[in-house]
Structure formats: structure tokens, C-alpha cells
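Below is one structure; the comments refer to it alone.
The values are calculated or read from the model by the stated rules, or taken from the named source; none is laboratory data. Keep in mind the model is a prediction, meaning the values are calculated, not measured. Here the Cβ positions follow ideal geometry from the backbone for every residue, glycine too, while neighbour counts run over all protein chains shown. Ligands, DNA and RNA are stripped out before the accessible areas are found, and what is left, the full protein with its side chains, is counted by its heavy atoms. Shrake-Rupley method; radii C 1.70, N 1.55, O 1.52, S 1.80 Å.
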Amino acid sequence: MANTTRREAAERAIRKAVEVNPPVFKVDAGFYAVGSSRPGEGYLLERDEATGDLFCPCPGAQLTGTCYHRAALGIFLSTVPQSWLPVVDAPVAYAVAS
């Protein structure tokens with residue numbers, strides 16, 4: 001995955017999540033079971049209630065920081081993992097289009 005930006009990796013994960021459409025189940029407060037693309041397999045993901053970050057123990061997430069399990073949970077929760085958002089070093093100036 002050389003030269004892949006975080007945005008490209010996140011977009012690829014979202015596309016795969018939509019394609020695979022794994023089942024997502026709330027297990028407990030902050031914990032969700034998300035199915036894998038391999039039948040009969042899945043992962044237990046955790047949502048940090050303070051930051052909104054989603055943590056997945058799958059090899060892809062451990063290696064790259066993104067995976068379609070997190071994307072599927074984000075879609076289920078209608079949220080984006082905090083770590084996928086751009087890092088802003090300075091205040092952003094917004095302009096209103098006329």
C-alpha cells in the first residue's frame with residue numbers, strides 16, 4: 001500500500017463496506033460485532049465514546065489504520081472515525097460563496 005494516502009485508504013474501505021455490506025450488531029455499550037467478508041467470521045469493534053474513534057482488531061486495521069469493518073460500523077452509526085478526518089494545524093478560514 002505504498003504511496004496511499006489516508007483519504008484513499010478510507011475511500012477504499014468505504015467502497016468495500018458498501019460492496020460487502022457486512023452485518024453489524026450492537027453487543028454492549030460501545031461494542032459492536034461486524035461481519036467479515038469470510039463466511040462465519042467477524043470482529044468485535046469498540047467505539048470510544050469520548051472521541052468517536054472506532055477500533056478494529058482485524059489485521060488490515062492493525063497494519064494500515066483503516067479497514068472496511070470500521071467503515072461498515074461508521075455507516076451503521078452514521079459517523080466517520082475521528083482518525084479518518086484531516087489533521088488541521090491552523091485554524092481554517094471559511095468563505096461564503098456569493
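In the full protein assembly as shown, how much of Phe76 is accessible to a 1.4 Å probe, in Å² to the nearest 10?
The value for Phe76 is about 110 Å².
Determine, from the Cβ-Cβ distance of Glu49 and Ile75 and an R0 of 22 Å, the FRET efficiency 1/(1 + (r/R0)^6), rounded to the nearest 0.05.
0.75
On a 1.4 Å probe surface of the protein chains, which of Lys26, Lys16 comes out largest in accessible area, and what is the full order?
Largest accessible area first, the residues go Lys26, Lys16.
Putting +1 on Lys and Arg Cβ atoms and -1 on Asp and Glu Cβ atoms, find which of Thr66, Leu45, Ala29 reaches farthest to the positive end of the dipole of segment 1-70.
Farthest towards the positive end: Thr66.
Do you know the relative contact order of segment 1-54, to the nearest whole percent, from alpha carbon pairs under 8 angstrom that are 6+ apart?
Computed over segment 1-54, the figure is 20 percent.
Rounded if a/c is under 1.5, else prolate if a/b beats b/c, else oblate: with a ≥ b ≥ c from the C-alpha gyration tensor eigenvalues square-rooted, which is segment 1-74?
Since a/c reaches 1.5 but b/c is at least a/b, the shape of segment 1-74 is classed as oblate.
Residue-wise, which Karplus ³J(HN,Hα) couplings in Hz belong to segment 20-35, taking 6.51 cos²θ - 1.76 cosθ + 1.60, θ = phi - 60°, and x for glycine or proline?
Running phi through 6.51 cos²θ - 1.76 cosθ + 1.60 with θ = phi - 60° gives 6, 6, x, x, 10, 10, 6, 9, 7, 4, x, 10, 9, 9, 10, x Hz.
Between Arg15 and Asp28, with labels modelled 7 Å along Cα→Cβ, what's the label distance in nm to one decimal, could you check?
3.7 nm
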